[in-house]
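Asks: Take a look at the following structure, please.
The values are calculated or read from the model by the stated rules, or taken from the named source; none is laboratory data. The structure presented is a predicted model; accordingly, all values stated were derived computationally and were not measured. No Cβ is skipped: glycine too gets one built from the backbone with ideal geometry, and neighbour counts run over all protein chains shown.
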Amino acid sequence: MPADPEVDSSGARRGKRSTVARLSRVRWIRAVGLSPVVARPGYWFATACGFIWGAVLGRFHISRQGGVIVTSHMPKWAFGRGGTTIGAVYLTSTNVSPSILEHEAVHRAQWKRYGLAFIPLYLDAGQNALRNRFEIQAGLKKGGYL
């Protein structure tokens, strides 16, 4: 039996039938959810959560670099892949090259635009970075995916 094209390799529903895709096509939901009045407080909340998580687990190794707040020296289990941006905060152990920071600054801008809606939108875009529109927009080469 051929694989269902609506389901990606992680088993998540993709395409027209995914809940996030259906909801994002409803104009009023998109207008309200992505309104700066709603998105910006979500971005601030995510930044506060990322900052607390990174500061505590990174033993307060905090700096501002490349447009993001970097919390380094974190245990590897505390973030995804080489690092993760939550709001304006980049969580990592030691992965702070200039190209990575440029990549993460784009993710910070995505968080700022979408607020907490960025979480389901990013998850709906899929785990494969080569097909994830947010990773493509941030630059696959700069992010170390190529």
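Asks: Identify the single condition in (1) crowded, with 18+ Cβ neighbours inside 10 Å; (2) closer than 17 Å to Phe134 by Cβ that Thr71 does not satisfy, given that it satisfies every other one.
Replies: The single condition Thr71 does not satisfy is (2).
Asks: Which one of the conditions (1) at positive phi; (2) outside any helix (DSSP H, G or I) does Leu140 fail to meet, given that it meets all the rest?
Replies: Leu140 satisfies all of (1) at positive phi; (2) outside any helix (DSSP H, G or I) except (1).
Asks: If I filter region 59-80 down to residues being free of Cβ contacts under 8 Å to residues at least 12 places away in the same chain and in a loop (DSSP other than H, G, I, E, B), which single residue comes out as nearest to the chain's Cα centre (by Cα)?
Replies: The residue in question is Gly80.
Asks: Answer yes or no as to whether Ser9 is crowded, with 16+ Cβ neighbours inside 10 Å and at pLDDT below 90.
Replies: no
Asks: In addition: How many residues are farther than 18 Å from Cys49 by Cβ and out of contact with any strand residue (DSSP E or B) (no Cβ under 7 Å at 6 or more places or on another chain) when one looks only at region 82-99?
Replies: Number satisfying all stated conditions: 5.
Asks: Quickly run through region 83-138 and pick out the residues that are closer than 14 Å to Arg64 by Cα and in contact with an Asp or Glu (Cβ under 7 Å, 6 or more places away or on another chain).
Replies: Thr85, Tyr90
Asks: Could you tell me whether any residue of region 110-118 is in a loop (DSSP other than H, G, I, E, B) and surrounded by fewer than 16 Cβ atoms within 10 Å (Cβ to Cβ)?
Replies: No, the conditions are met nowhere in region 110-118.
Asks: So, in region 23-58, how many residues would count as being in contact (Cβ under 8 Å) with a residue 24 or more places away in the chain and not in a helix (DSSP H, G or I)?
Replies: Adding up the residues that qualify gives 2.
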